[in-house]
Amino acid sequence: MLTKEEAQMEKKYHIRPKNKPFGHHYCHGMITAFHNSEALHDRVYKDLRASDFNKHLKDGKKSAGSQKQMVNLYMNLDKFALEEDIIEKGYAQFITAATSNRKEIRKAKDKQVEKGKLFTYEQIDYLWNFTLKSSGVQLARKQAREQFIRDFWLMLLYSGTRADELLSVYTENIFLDDNYFIGGLKTEAGINREIPIHPAVKHLWEKYYDPNNEFLFMQPNGNKVDYSYYFWHFQNNFEALHPEVSDHTAHDARHTLRTELKKLNIKDIIINSIIGHSNDDIGDDVYTHISIEEKQEAIKQVTYKEQKKLYIFASNQ
């Protein structure tokens, strides 16, 4: 388990302390899973069976991510209980509800995307013609956070990165003169890839860029802006003020850019090299040699307005 200081360091720098089996986010997930399992708190653990876990997961109707955390918790509890001779057999390994529920949730999410859970052109125009609506005490601070959410969403809409990915961009990996940055988290295909900076949002990159900072986005207290900081300010300084767009999540911006690039008939190999998805049907050598110039030419076509299709080809295809 991490100490308080180690957890703070990992949260700030995204670097796990050496010789620690679990990171900050994993431990936080286990705590959340424990709270999500309140219906089982008064049960004797050795009396629980797979059917009990399955029923709780089905009745709880939690998200796929929450269910995964809960199953991880039960697996860890089984391991501890077996080591301490509290139980003779672990039943968490036989849980099936989470798998089936995840499939149902994924289908529902896919259906949502198909129905258009994307930013509309009108909503993107709303973000561009943004009017601050904060009021009350600490007005300047509230307006700054309200403006940050707007800016952050626009930068996501024109880069296609994940929220965590954009929040973790190092200042040294931003090349404003050459109109690109290096980013990437989560998957091997997305790590350390060159991502173009769209001309429309370059001024926002310049706004937050400070060569003296380690990361692009920094809190007033000098710490890195992480996802929890962003989400808190979305909920408290943005969501209620802007119902025109607040039904969206940061991840919707990523889907929106991919959809827009496909509407422009940009080749999948170029889209994936920008977004960071893998290309299962082509060789890695082709994927990694999509030039930043080709990506920039593709991204420049995005205006989020109705227009004729353009055809962008990779030079080495």
Being closer than 30 Å to S135 by Cβ, at pLDDT below 95 and acidic (D, E) narrows D268, D247, D285, D280 down to just D247
Among (1) part of a loop (DSSP other than H, G, I, E, B); (2) surrounded by fewer than 17 Cβ atoms within 10 Å (Cβ to Cβ), S159 falls short only on (2)
Only one of L176, L166 is modelled with pLDDT of 90 or more, surrounded by fewer than 18 Cβ atoms within 10 Å (Cβ to Cβ) and touching a helix residue (DSSP H, G or I) at 6+ places or on another chain (Cβ under 8 Å), namely L176
- In segment 194-209, is there at least one residue being crowded, with 21+ Cβ neighbours inside 10 Å, outside any loop (DSSP other than H, G, I, E, B) and touching a Gly at 6+ places or on another chain (Cβ under 7 Å)? yes
All conditions in (1) under 15 Å from G160 (Cβ atoms); (2) over 15 Å from the mean Cα position of the chain (by Cα) are true of D252 except (2)
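Take V137 and decide whether it is assigned to a loop (DSSP other than H, G, I, E, B) and modelled with pLDDT under 95. Give the derivation first.
Details: assigned to a loop (DSSP other than H, G, I, E, B): yes; modelled with pLDDT under 95: yes.
Judged against the criteria, V137 is a match.
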Going through segment 62-101 in order, the residues found to be basic (K, R) and free of Cβ contacts under 8 Å to residues at least 24 places away in the same chain are K79, K89
Residue pairs within 8 Å by beta carbon, gap of at least six or interchain, first lying in segment 299-312 and outside the structural domain of K202 (by TED's automatic domain parsing) and closer than 18 Å to I275 by Cβ, second part of a helix (DSSP H, G or I) and at pLDDT below 80, listed first then second, are none
Sole miss for I182 among (1) touching a residue at least 24 places away in the same chain (Cβ under 8 Å); (2) not in a helix (DSSP H, G or I) is condition (1)
query: Restricting attention to segment 121-142, does a residue exist that is charged (D, E, K, R), in contact with a helix residue (DSSP H, G or I) (Cβ under 7 Å, 6 or more places away or on another chain), free of Cβ contacts under 8 Å to residues at least 60 places away in the same chain and farther than 26 Å from I269 by Cβ?
result: no
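Looking only at segment 46-71, which residues are under 13 Å from G90 (Cα atoms) and polar (S, T, N, Q)?
We begin by selecting, within segment 46-71, every residue under 13 Å from G90 (Cα atoms); these are 46-53, 71.
Listed by number, the list holds a single entry, S51.
The values are calculated or read from the model by the stated rules, or taken from the named source; none is laboratory data. Being a predicted model, the structure only gives us computed values, none of them experimental. As a convention, Cβ positions derive from the backbone with ideal geometry for all residues, glycine included, and neighbour counts pool all protein chains shown.
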